[in-house]
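Notes follow the structure.
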Amino acid sequence: MLELRNVGFETDDNKEILHGINLSVTERFVAITGPNGGGKSTLAKVIAGIYQPTSGQILLDGVDITHMSITDRAKLGISYAFQQPVRFKGLKVKDLLSLAAGKNTSVNEACAFLSEVGLCARDYVDREINASLSGGELKRIEIAMVLARGTKLSIFDEPEAGIDLWSFHNLIRVFEKMYEQTKGSILIISHQERILNIADTIVVVKGGSIEKIGPRKEILPALLGSADAGGPACSVLTEKVEGVLGA
């Protein structure tokens, strides 16, 4: 279980980005949404250890990880997928998957992970992680890395950003499968209705604090501007989220 107790974060020039964040992640699938600039990505990076909180406490299964590095948190079982994946010139896809899995993965194992994210495995397993790969390809390879790790907490920062429609449909299928199979928790930053619609819990972050939190069936209808979860909806929630929250 992940627990945040009164967590805050300030930049080096004393600009407050997060304040008073109290959050427990016990469900298998938690989605964080809200207006742009509200602090969602910063919150994800604070949990992963990319940023260190300036106040409060973070616990993972009762262990205080507040001041642990991203490396130490990764060893304890936290994975993080960037909104803009990093390129590793000279490193092949299979090598990257082996690093993620913590063992020398076979070609068949690597191909299985790549197939899960909709890539023709044999065409990619020996590809170099460089400029020849598109943003969508990098995004799917990074998700394959998270699958290979199989950690207790997997964090995805707007995984739909920069991918085409077909890739997005496949992405939903991957998350649905992860949701069915995982023994840990999936935490996703997203505006997308289809992603929010498979979450157990939705957290709405605005102005650096948690504005709303609750089960999907209670939170999603308000975000969609609908009386019930089956009402009319848009495929991208950004504008409606901002409207509901008065941003």
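Would you tally the residues in segment 184-218 being of a type outside the set (S, T, Y) and over 29 Å from G136 (Cβ atoms)?
Qualifying residue count, segment 184-218: 11.
Conditions (1) surrounded by fewer than 17 Cβ atoms within 10 Å (Cβ to Cβ); (2) in contact with a strand residue (DSSP E or B) (Cβ under 6 Å, 6 or more places away or on another chain), marked per residue:
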residue: M1; (1), (2): yes, no
residue: F29; (1), (2): no, yes
residue: G56; (1), (2): no, yes
residue: L59; (1), (2): yes, yes
residue: H67; (1), (2): yes, no
residue: K75; (1), (2): yes, no
residue: I78; (1), (2): no, yes
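Does N104 fit the bill of being outside any helix (DSSP H, G or I) and either free of Cβ contacts under 8 Å to residues at least 12 places away in the same chain or surrounded by fewer than 19 Cβ atoms within 10 Å (Cβ to Cβ) (or both)?
Yes, satisfied.
Looking at this structure, is T42 in a helix (DSSP H, G or I), among the hydroxyl-bearing types (S, T, Y) and surrounded by fewer than 17 Cβ atoms within 10 Å (Cβ to Cβ)?
no
Could you count how many residues in segment 107-141 are outside any helix (DSSP H, G or I) and touching a helix residue (DSSP H, G or I) at 6+ places or on another chain (Cβ under 9 Å)?
10
Say whether the condition of being buried (at least 17 other Cβ atoms within 10 Å of the Cβ), acidic (D, E) and at pLDDT 85 or above is met by at least one residue in segment 190-197.
Yes, because at least one residue in segment 190-197 is buried (at least 17 other Cβ atoms within 10 Å of the Cβ), acidic (D, E) and at pLDDT 85 or above.
Mind counting the residues in segment 212-222 that are crowded, with 17+ Cβ neighbours inside 10 Å and not in a helix (DSSP H, G or I)?
2
Only one residue in I78, I47, I21, I70 is under 22 Å from P159 (Cα atoms) and either over 21 Å from the mean Cα position of the chain (by Cα) or modelled with pLDDT of 95 or more (or both). Which one?
I47
Does V236 qualify as being of a type in the set (V, I, T), modelled with pLDDT under 85 and either under 19 Å from V25 (Cβ atoms) or crowded, with 21+ Cβ neighbours inside 10 Å (or both)?
no
Pairs please, first residue from segment 126-138 and farther than 17 Å from S115 by Cα and touching a residue at least 40 places away in the same chain (Cβ under 8 Å), second anywhere and assigned to a loop (DSSP other than H, G, I, E, B) and among the hydrophobic types (A, V, I, L, M, F, W, C), Cβ atoms under 7 Å, 6+ apart in sequence or on different chains.
none
Counting only residues that are charged (D, E, K, R) and within 17 Å of D157 (Cβ to Cβ), how many does segment 24-44 have?
Number of matching residues: 1.
The values are calculated or read from the model by the stated rules, or taken from the named source; none is laboratory data. As the structure is a prediction and not an experimental result, all values here were calculated from the model. Positions of Cβ are generated from backbone atoms using ideal geometry, with glycine treated the same way; all protein chains shown enter the neighbour counts.
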